[in-house]
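Bear in mind these aren't lab numbers, they're just calculated from the coordinates by the rules spelled out. The model shown is predicted, which means the values in this text are computed figures rather than measured ones. When we count neighbours, we look across all protein chains shown, and the Cβ atoms used for this are built from the backbone with ideal geometry, even at glycine.
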Amino acid sequence: MKLGELRVLLEERPEDPYMNLSIEEALFISRCRDDGDDILRIWRNKNAVVIGVFQVPEEEVDLEYAKNNGIAITRRFTGGGAVYHDLGNINFAFSTKVPEGEKGGVDYLFNYLINGAIYALEKLGFSPKKENYNDIIIDGKKIIGIAGSIRRNCAFIHGAMLYNTNLSVLSSVLKVPLKKLAEKKVSSVKYRVTTISQIRNDIRERDVVNALIYGFMRVKDLKGFYLDFLSEKEFDLSLELYKNKYSTYEWNYERKRP
């Protein structure tokens with residue numbers, strides 16, 4: 001380990017989306033508390049819908065379809081819209097500090113850090129574009145959705161890359177709130193999606209992982225990376241968040257809008 005390199009974790013619990021989201025927040029808190037290295041986590045969920053912190057499950061998800069098909073409903077700590085996860089998704093989360101003198105806020109997330117994902121797609125040979133502020137598209141179709149959070153001088157973004165996702169299940173379990181789209185003047189590209197494998201079938205999962213590492217190294221001008229594991233403190237914090245927050249019915253279904 002050398003200070004100033006990218007710390008990469010391939011830590012995942014595919015069978016337990018609640019624990020996966022607990023780890024997401026635990027790593028962000030860890031980076032906020034620590035003057036160590038920026039953290040990139042790459043991971044997968046098996047059959048889950050992840051809704052934004054302010055969303056109402058029944059407005060975004062066909063709950064009966066989800067129940068009948070063994071799809072978990074989970075809530076993350078960031079905003080944004082609902083996303084469907086399966087083992088064909090490649091999810092990533094990046095935790096960093098906002099350098100002194102840099103403009104923080106949502107602009108830092110969606111005009112700067114988002115470029116880590118854009119650079120990754122460029123590395124894979126695509127020509128991605130940003131739309132709707134936090135969607136990344138290829139040829140007019142969404143390939144990644146991004147959400148994030150700012151806490152004082154700490155910044156966090158995460159996203160779901162559609163690598164080989166079952167789009168039939170995705171379209172069945174997620175509701176398309178057309179009225180909301182019109183009210184917010186959001187492009188319907190948000191609900192026109194594609195996958196990496198549909199565009200090109202020669203890109204492997206490890207190619208995507210390597211591209212994401214490259215993209216976030218580039219966005220922060222880091223010269224190297226190393227693979228790591230959860231520390232004991234991070235694991236303990238993940239368990240605490242899991243027990244008291246992410247595994248609870250109250251958090252996932254009953255949290256009220258602010």
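Please express the shape of the chain as an equivalent ellipsoid: the semi-axes are the square roots of 5 times the eigenvalues of the C-alpha gyration tensor, given largest first in whole angstrom.
The three semi-axes for the chain are 26, 22, 18 Å.
Here is the link list: Lys141/Lys175; Lys141/Lys220; Lys67/Lys130. Which ones come out longer than 29 Å on Cα distance?
Over 29 Å apart, Cα to Cα: Lys67/Lys130.
For the chain, what is the charge dipole size about the Cα centre, in debye to the nearest 20, if Lys and Arg each add +1 at the Cβ and Asp and Glu each add -1 at the Cβ?
Value, rounded to 20: 700 debye.
Distance from the Cα centre of segment 205-258 to that of segment 45-104, in angstrom?
Each part reduced to its Cα centre gives a spacing of 12 Å.
Once every DSSP H run of n ≥ 4 in the chain is given -39500 (n - 2.57) and the sum is divided by its residues, what mean residue ellipticity at 222 nm do you get, rounded to the nearest 500 deg cm²/dmol?
So the calculated ellipticity at 222 nm is -9000 deg cm²/dmol.
By count of other Cβ within 10 Å, fewest leading, how are Val193, Val83 ordered?
So the residues, fewest neighbours to most, are Val193, Val83.
Kirkwood Rh, segment 40-180, all Cα pairs: how many Å?
Hydrodynamic radius (Kirkwood, Cα pairs) of segment 40-180 is 15.8 Å.
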